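As structure tokens, the structure follows; a few thoughts come after it.
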Amino acid sequence: MHSITHFKAQSRSGFEPGWRLFWITVLGTVLLVVQSLAAAARPESLAPLAEQVSPAVVNITTSTVVEGRTGPQGIVPEGSPFEDFFREFQDRNGGESRPRRSSALGSGFVISEDGYIVTNNHVIEGADEIEIEFFPGDGQPADLLPATVVGTDPNTDIALLKVEAPMPLKFVKFGDSDKARVGDWVVAMGNPLGQGFSVSAGIVSARNRALSGTYDDYIQTDAAINRGNSGGPLFNMDGDVVGVNTAILSPNGGSIGIGFSMASNVVTKVVAQLKEFGETRRGWLGVRIQDVTDDLAEAIGLAKDEGVLITDVPEGPAKEAGMLARDVIMSFDGFEVKDTRDLVRRVGDTEVGKTVRVVVFRDGKTETLKVTLGRREDSVDGGSSTAPGDESAPDQSEKEFLGLTVGPVQDSMREELGLEPGTSGLVVLSVNETSAAWEKGLRAGDVITEAGQTKITSIADLEAQIDAAKEAGRKSLFLMVRRAGEPRFVALNLDE
């Protein structure tokens, strides 16, 4: 015991300084490694990346013939003492003002050595002439080159151009936009406000943004994007294009750090079709749909709010395959369906003419249907016809249900309400603004054509469906509502 105690004492007094030095050395080494890794993750300069990709970025100038205007409008204010003077000046020079050329600027980028260039559709839309200016440098065309339009897609605001260059062009490749993470560094390049080639840097602020289009999938970034940047590339740190700079959110027209770039995984599909066909060819299922909410799921009998609810099936591939309104699409071509946006994109990305398996939830069980997709661009999105109702005597009464005051649809109302001849149901005459019906978006003028998945023609029919739902222990009633002829489903709480 004594020797052990003595050894411990020697360890404390004799070896302690050495151990301290050892751990200080280790800690210092670790700090150096961490600093080195941090430096590697965030380069001190973006110059090497800019030098690598800039030769493939182009400025785009478009010109359009604009018809001249008569009179001195736009030169002097109306009623100005100089108005007569300018009118006489115009009369001496040919009366009406002559047509003039209007120019616009944008950006783009080369995607192949043989001269294919990607930009925004709105950059070149309506242009009579398109000229491409290349980044100055060795191996680049010295003069402006004319470009021709290969194809455009207004839905994603993408256009594909082609130039004939005297030498192979430097180009960039697309990256996988699905791998872009919020917080990743990105670089935008283009021709902001006509100032020429310019670089700005920022991060990915958000993913999967939708603005107004059916096929939108935008990357939001705080990298400065201004007028003239439209059509330019958004690069990741590997020099791959992950987005096409398209729009900004701004109260004054300038960058406030909220810019949007169409994701490259959308753009590559569009570009491939434009290059092959000169147009887009998107798959078409032929249904009208809405998202499944919690209350709709309960009313339908689904365990949770998943899938997409079909509100109408006009003439098209889905109808030929046997799909019905009130079916819930659970999976499409082997992929689970998350929501309406997910389904629209999956269908649009699927090859026209392909036969796919679609799993639907119907009457408490799932069924698998085979659908051969049509082409969206060839479809006519017309409404479905509704069979005439029973020719029973009209019910003139009104009654309040679930926060709604309703009455039977009269012949005189159908045209005003946008209904097809023979459509029957109950028209919403007023809505209690404190009710759940108001919160669900129901308004006066809406027409209830079905309740509890049964067509209704009278107030008695609606009463019967409310009673049946309560007897079955349902918490809500499933309604089909038409507004201006367009259908949607609503589940109303029966506790109102």
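Computed from the coordinates by the stated procedures, all read-outs in this text should not be read as laboratory data. Every value quoted in this text rests on a predicted model; they were computed, and no experiment measured them. Every residue, glycine as well, gets a Cβ built from its backbone with ideal geometry; the counts of neighbours run over all protein chains shown.
Structural remarks
- Cross-link partners of K179 among lysines, defined as those whose alpha carbon lies under 23 angstrom from its own and excluding same-chain residues fewer than eight positions apart: K269, K338.
- Fraction of the pair-distance distribution of segment 204-348 above 26 Å, Cα-Cα pairs, percent: 42 percent
- Set of segment 128-150 residues, backbone N closer than 18 Å to the point 7 Å along the Cα-Cβ line of E164: 129-133, 141-150
- Alpha-carbon centroids, segment 429-473 and segment 135-159: separation in whole Å: 56 Å
- Across segment 461-469, coupling constants 3J(HN,Hα) worked out from phi with the 6.51/-1.76/1.60 Karplus curve, θ = phi - 60°, read 4, 5, 4, 4, 6, 5, 5, 5, 5 Hz, and Gly and Pro carry x.
- The modelled label-to-label distance between A210 and Q195, using points 7 Å beyond Cα along the C-beta direction, is 3.5 nm.
- Per residue, the average separation of C-alpha pairs within less than 8 Å and at least 6 apart gives segment 194-235 a relative contact order of 36 percent.
- In nm, spacing of pseudo-spin labels at E113 and D342 (7 Å Cα→C-beta vector): 4.3 nm
- Computed on segment 399-493, with alpha-carbon pairs under 8 angstrom and 6+ residues apart, the relative contact order is 27 percent.
- Taken one residue at a time, the phi angles of segment 477-485 give Karplus couplings (6.51, -1.76, 1.60, θ = phi - 60°) of 10, 8, 10, 9, 10, 10, 10, 6, x Hz. Gly and Pro are set to x.
- Distant-in-sequence amide contacts of S230, defined by a placed amide H-H separation under 5 Å and a gap of 5 or more residues or a different chain, comprise S107.
- Stretch gain in nm, segment S103-A484, where the contour uses 0.36 nm per residue and the Cα spacing is subtracted: 133.0 nm
- Over 18 Å [Cα-Cα, segment 399-493], rounded percent: 39 percent
- Nitroxide proxy distance, nm - points 7 Å out along Cα→Cβ at T368 and D349: 2.2 nm
- 3J(HN,Hα) from dihedral phi, segment 437-449, Karplus parametrisation 6.51/-1.76/1.60, rounded to Hz, x for glycine, proline: 4, 5, 4, 7, x, 6, 9, 4, x, 5, 10, 8, 9
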